[in-house]
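The values are calculated or read from the model by the stated rules, or taken from the named source; none is laboratory data. Every value quoted in this text rests on a predicted model; they were computed, and no experiment measured them. Please note: Cβ atoms are built from the backbone with ideal geometry, for glycine as well, and neighbour counts cover all protein chains shown.
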Amino acid sequence: MSDKKVRVRFAPSPTGGLHLGGVRTVLFNYLFAKKYKGDFVLRVEDTDQGRYVEGAEKYIMDCLNWCGLIPDESPIAGGQYAPYRQSERKAIYREYAERLVSQGHAYYAFDTPEELERNRKEIPNFQYGHAYRNGLRNSLSLKTHQVQQLLDGGEPHVIRIKMPEDETIHFYDMIRGNVSFETGQSDDKVLLKADGMPTYHLAVVVDDYLMKITHAFRGEEWLPSAPVHLLLWEYLGWKADMPQWAHLPLILKPDGHGKLSKRDGARLGFPVYAMNWLDEKTGDLTPGFRELGFLPEAFLNLLAMLGWNDGTDNEIFTLDELIEKFSMERVHNSGAKFDFEKAKWFNAEWIKRSEGGSLKSEVRKILGDKGIVASDDEYLISLIDLVKERCTLLPDFYHQLSYFYEQPKEYDLNAVKPKWTDAKTEFFKSFISLLGKREDFLAPDLEQSFKFLAEEKGLKAGELMLPFRIMLVGGKFGPHVFDIAALLGKEETIKRIEKAQPLLNPPL
Ligand code: GLU
C-alpha cells in the first residue's frame, strides 16, 4: 500500500431501488476504507437524465443509513471535494473532453441519432469505431474548416474517444490479478453528450482523479469499460494517480445461472432490494430485506459472506470484526450464488444474539401494527429474550409474543381432546387452587409444584404439559411453558386455565 490516504467511493446512478449487489459493493468499500483509516465517499452519478428517477438518491441514502454504512463525504454530508452530484459538476467535464480532442485522443461526432440508427440496422454488428469511423460524420472524416463551420453553427455533436485499433491494455485487478484487453474490440465510447453532460466513462475518470480516489471497487459488469477508463487516465496524463481496481464478482441466481435480478426475487419469493422500493410511475412495490424483517447486522453479515470469507469456517461477524478481517484479495473471483434460506439463517442467528433491549423498538412496532400496545419496557425486553431463539424474521415476534398480551382467540383442541380425561380436569382444578396460594410465581417453582401434583394424582406430568400450553398459548408452540406462565403472572395464568377448561371438557 502506498502512503497516500485511502479514499474509496460508491458511485451509484439514481435510477431505482438498491440491489443487494449494490449494498455489497458499498460494504466492501466501507470495510476497506475503515480498515485503512481512510475515507468513504458517496458520489451520485446522475448524468444520464433519461434514466434519472426522482427519489432514488434519497432512497439510496436511507438504505445506507439503515445499514449503518455512513459516508464520510456525500451530497448530504458535503466535503472537501464537493459537489458530490455529477449533474452539479457539469461545467467541469467539457474542458477535459476538449483537451482530449486537441491531443488527438478524442473527436467530435455530428451523426444524428437517426443516422446512427440506420447504420445499426443496415450494417451487421455495427460499432462506432476504427472500422467505420472514417465513413461517418466526425472531425476525423471531415475537413477542418467543415468541422469549424459545424461547431460555429451550433450543430449538435458529441465527443468520442478514439480507441486505438490494435493495442493490448494491461492492468492489475486486486481480485482477478493481471487482466488484459484488446482495444480493437471496444467502440469509440461517447465521452461528452450533445446536452453537454459527460457520460459515465468521462465523469468517472475525471471525478476519481479530482476526488483523489485511491481504490475503485465496483461490480464486475464494469470490467469491459475498464480499458476505456485506463486509456483516459493515460491520455489525461494522470496514470500515476490511477486508483487500484477491484471488480467484484456477481451475485448469482440460486441455481448459479446468471446474475440475480429483481425478477428472480419476484419469481422465487424473496427480496432483492435492501429496502422496499416504490416505483412512482408504475405504482409497483419491490420488496426489501428491511421490511421483510431482516436486521441490518444480519443483512451486512450475509452480504459479506457472498464472495468473501476470512479463511476459517466462521460465518458470523460484526461490522467491527469485518473491518478487522476484510481483505480484497480474499474476495473470490467467481460469482456467489444467493441462497435465501441461508440468508434467513443469518437473520435468525443475529436475532438470537441480539439483546432484547436492542430489538424492543422494532418489536414494539410490529406488535403495535397489529393493535397490541406493549408499553412496559422491562416486560417487553424479558419477553423478547425469552422467545428470540424462535424467530427468524422480525415479524415472527408477533406470533411468538401476541399471546402474552391477549388471550388466545383459538385453541388447538385436536392436540389434546382425544386424550382428555376427567382426571386431567381434576388435576387442573387442584393446580388452580395451588397457584392461588402462591406468593411468588417463578418458573422453576411452578414446574416443581406441577410435577409434584401430577405425581400425587398418579398422572404423568409430560401428558399434562401440552394441555397446559394450549390453555395459555392456544397452540403447540412457544418457549418452556412454565416460563410462559411466570411471565403471564398468577392472575392471568389462572384466568386462562379457567377459560380453557370447559372447552376441553364440554358437557355432552
Ligand atoms: N455509476 C456506476 C453505477 O451505477 C458506477 C460504477 C463505478 O463504480 O465505477 O454502478
Problem - Of all residues making up the range 155-172, the number that are farther than 14 Å from E234 by Cα, in a loop (DSSP other than H, G, I, E, B), touching a residue at least 24 places away in the same chain (Cβ under 8 Å) and charged (D, E, K, R) - result: 2
Exercise for the section: Working only within the range 273-330, note down all residues that are basic (K, R), over 22 Å from A246 (Cβ atoms) and at pLDDT 95 or above. Expected result: R290
Completion exercise
In the range 244-270, residues that are assigned to a loop (DSSP other than H, G, I, E, B), at negative phi and either of a type in the set (A, V, I, L, M) or in contact (Cβ under 8 Å) with a residue 40 or more places away in the chain (or both) total 7
Practice task
List every residue pair whose Cβ atoms lie under 7 Å apart, where the two residues are 6 or more positions apart in sequence or sit on different chains, the first residue falls within the range 278-289 and is over 14 Å from V53 (Cα atoms), and the second residue, located anywhere, is at pLDDT 90 or above and of a type in the set (A, V, I, L, M, F, W, C).
Solution key: L285/L278; T286/W277; G288/A274; G288/M275; G288/W277; F289/A274; F289/F299
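Of everything in the range 330-361, what is in a helix (DSSP H, G or I), surrounded by fewer than 17 Cβ atoms within 10 Å (Cβ to Cβ) and either hydrophobic (A, V, I, L, M, F, W, C) or in contact (Cβ under 8 Å) with a residue 12 or more places away in the chain (or both)? Give them in sequence order.
Scanning the range 330-361 gives R330, F340, K342, W345, K352, R353, G357.
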Problem - Selection count, the range 1-40, where residues are modelled with pLDDT of 95 or more, aliphatic (A, V, I, L, M), within 15 Å of S327 (Cβ to Cβ) and not in a helix (DSSP H, G or I) - result: 2
Handout entry: In the range 239-263, the residues that are more than 23 Å from G288 (Cα to Cα) and under 20 Å from the mean Cα position of the chain (by Cα)
Key = A246, H247
Practice task
Looking only at the range 43-55, count how many residues are within 11 Å of the ligand (Cβ to nearest atom) and either of a type in the set (G, A, S) or not in a helix (DSSP H, G or I) (or both).
Solution key: 6
Completion exercise
Considering residues that are more than 20 Å from G21 (Cα to Cα), among the aliphatic types (A, V, I, L, M) and part of a helix (DSSP H, G or I), the number found within the range 214-239 is 4
Practice task
Report, by residue number, each residue of the range 303-329 that is free of Cβ contacts under 8 Å to residues at least 40 places away in the same chain and not in a loop (DSSP other than H, G, I, E, B).
Solution key: D320, E321, K325
Handout entry: Lone unmet requirement of (1) more than 28 Å from R330 (Cβ to Cβ); (2) away from the ligand (no atom under 16 Å from the Cβ); (3) part of a helix (DSSP H, G or I) for A82
Key = (3)
Completion exercise
Here the qualifying pairs (Cβ atoms under 6 Å; residues six or more apart or on different chains; first in the range 3-23 and among the hydroxyl-bearing types (S, T, Y); second within 10 Å of the ligand (Cβ to nearest atom) and assigned to a loop (DSSP other than H, G, I, E, B)) come out as S13/E45
Practice task
For the range 81-93, indicate whether the set of residues that are touching a residue at least 24 places away in the same chain (Cβ under 8 Å) and of a type in the set (D, E) is non-empty.
Solution key: no
Practice task
Go through the residues of the range 232-239 one by one and say whether even a single one is within 13 Å of the ligand (Cβ to nearest atom), of a type outside the set (F, W, Y), at pLDDT 95 or above and within 25 Å of Y52 (Cβ to Cβ).
Solution key: yes
Handout entry: Residue that is nearest to the ligand (Cβ to nearest atom), among those in the range 56-68 that are without any contact (Cβ under 8 Å) to a residue 60 or more places away in the chain and farther than 26 Å from Y93 by Cα
Key = L64
Practice task
For the range 289-305, indicate whether the set of residues that are of a type outside the set (G, A, S), surrounded by fewer than 20 Cβ atoms within 10 Å (Cβ to Cβ) and more than 22 Å from N65 (Cβ to Cβ) is non-empty.
Solution key: no
Practice task
Go through the range 41-80 and give me each residue that's farther than 16 Å from R9 by Cα, among the hydroxyl-bearing types (S, T, Y) and modelled with pLDDT of 95 or more.
Solution key: Y59
Practice task
Go through the residues of the range 403-421 one by one and say whether even a single one is of a type in the set (S, T, Y) and closer than 27 Å to L292 by Cα.
Solution key: yes
Handout entry: Search result, residues across the range 187-213 that are within 16 Å of the ligand (Cβ to nearest atom), assigned to a loop (DSSP other than H, G, I, E, B) and closer than 25 Å to Q127 by Cα
Key = K189, K193, M197, T199
Exercise for the section: Look through the range 214-227, keep the residues that are of a type in the set (G, A, S) and within 18 Å of I161 (Cα to Cα), and return whichever of them is nearest to the ligand (Cβ to nearest atom). Expected result: S225
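Got a number for residues in the range 15-28 being within 21 Å of Q86 (Cα to Cα) and more than 9 Å from the ligand (Cβ to nearest atom)?
So in the range 15-28, the residues within 21 Å of Q86 (Cα to Cα) come out as 15-18, 22-23, 25-26.
The next check asks that each one be more than 9 Å from the ligand (Cβ to nearest atom); those that pass are 16-18, 23, 26.
The qualifying residues number 5.
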